[in-house]
Amino acid sequence: PKLLRESAVPPIVLYGKGEQEVLASTISVFVGVVGTRRISSYGREVTQSLTSSLVSSGCVIVSGLAMGVDAEAHTTTIDLGGKTIAVLGSGVDACYPTINTDIYTRIISGNGVVVSEYPMGEPPSKGSFPSRNRIIAGLSHGVVLTEGSADSGALYTAHEAFALRRPVFAVPGPITSSLSKAPNSLLTKGAILVTSGEDILTAV
């Protein structure tokens, strides 16, 4: 994909399973939606709301098929009839984590594409997830972090987007919540504060 080729270290090859033509679209806006695996009710509501607005405007949603925010972003997109890209830290021939097998199956059955730089049969490893996150950023015109702790892996995705000079968006959260630390910290580093999908659409 053209956007991904602009990355500092693009993958040598990208494997795909599903509607690979989604990757070739030159008219769609691709938005990465990332965040914590330990999603709160607030994070779930915000993720669903922003994703719904983006999908209704024709955006393709990019995420990592993890539990929590990723799963909500993919599911909301599919339920609304939109297209989504799931980037794995393992081979595309098997779902990881297995708890999201239903989402994986729905994506490859006409709702988007699952991609990875890792060959078929390759299991996930500790180092494969930061690598996966750089691809999420590389495929996206902009990245929004809805909820995450101070050490959230989603911050890596946001920093990769910053490095690519693509807009990074963050949802402000209550200062009493540990899951607000990631987005709130991004706001101090130049991320765009968002309270609605329109805030994202005007900047990508």
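The values are calculated or read from the model by the stated rules, or taken from the named source; none is laboratory data. Keep in mind that what you see is a predicted model, and the values were worked out from it rather than measured. Here the Cβ positions follow ideal geometry from the backbone for every residue, glycine too, while neighbour counts run over all protein chains shown. Calculation scope for accessible area: heavy atoms of the full protein, side chains included, ligands and nucleic acids excluded. Shrake-Rupley method; radii C 1.70, N 1.55, O 1.52, S 1.80 Å.
Per-structure values
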quantity: Test: residue in the range 148-158 that is outside any helix (DSSP H, G or I), at pLDDT 95 or above and crowded, with 20+ Cβ neighbours inside 10 Å; calculated: yes
quantity: Number of the exception - residue 66 against (1) of a type in the set (A, V, I, L, M, F, W, C); (2) in contact with a helix residue (DSSP H, G or I) (Cβ under 7 Å, 6 or more places away or on another chain); (3) closer than 27 Å to residue 180 by Cα; calculated: (2)
quantity: All positions within the range 8-24 that are open to solvent by 30 Å² or more (accessible area, probe 1.4 Å) and in contact with a strand residue (DSSP E or B) (Cβ under 7 Å, 6 or more places away or on another chain); calculated: 14, 15, 17, 18, 19, 20
quantity: Number of the condition not met by residue 70 [criteria: (1) open to solvent by less than 50 Å² (accessible area, probe 1.4 Å); (2) among the acidic types (Asp, Glu); (3) farther than 16 Å from residue 32 by Cβ]; calculated: (3)
quantity: Some residue of the range 190-197 being open to solvent by 20 Å² or more (accessible area, probe 1.4 Å) and not in a loop (DSSP other than H, G, I, E, B); calculated: yes
quantity: Neighbours by Cβ (under 6 Å, 6+ apart or cross-chain): first from the range 103-116, assigned to a strand (DSSP E or B); second buried (at least 24 other Cβ atoms within 10 Å of the Cβ) and of a type in the set (S, T, N, Q); calculated: 112/84
quantity: Helices (runs of 4 or more DSSP H) contained in the range 1-88 and holding at least 1 residues within 19 Å of residue 158 (Cα to Cα), of a type outside the set (A, V, I, L, M) and under 16 Å from the mean Cα position of the chain (by Cα); calculated: 41-56, 69-79
quantity: Residue list for the range 78-121, restricted to those being closer than 21 Å to residue 48 by Cβ, open to solvent by 10 Å² or more (accessible area, probe 1.4 Å) and touching a Gly at 6+ places or on another chain (Cβ under 7 Å); calculated: 83
quantity: In the range 101-110, the residues that are on the phi < 0 side of the Ramachandran plot and over 15 Å from the mean Cα position of the chain (by Cα); calculated: 101, 102, 105, 106, 108, 109
quantity: Scope the range 156-204; condition free of Cβ contacts under 8 Å to residues at least 40 places away in the same chain and among the hydrophobic types (A, V, I, L, M, F, W, C); matching residues; calculated: 162, 168, 169, 170, 175, 187, 192, 193
quantity: Condition check for residue 42: more than 14 Å from residue 179 (Cα to Cα), out of contact with any Leu (no Cβ under 6 Å at 6 or more places or on another chain), open to solvent by 40 Å² or more (accessible area, probe 1.4 Å) and modelled with pLDDT of 95 or more; calculated: no
quantity: Selection within the range 48-58 - within 22 Å of residue 22 (Cα to Cα) and either crowded, with 16+ Cβ neighbours inside 10 Å or aromatic (Phe, Trp, Tyr) (or both); calculated: 48, 50, 51, 52, 53, 54, 55
quantity: Yes/no for residue 177 being among the small types (Gly, Ala, Ser) and either surrounded by fewer than 20 Cβ atoms within 10 Å (Cβ to Cβ) or in contact with a Leu (Cβ under 9 Å, 6 or more places away or on another chain) (or both); calculated: yes
quantity: Candidates 124, 119, 97, 130 - the one that is in contact (Cβ under 8 Å) with a residue 40 or more places away in the chain and of a type outside the set (Asp, Glu); calculated: 119
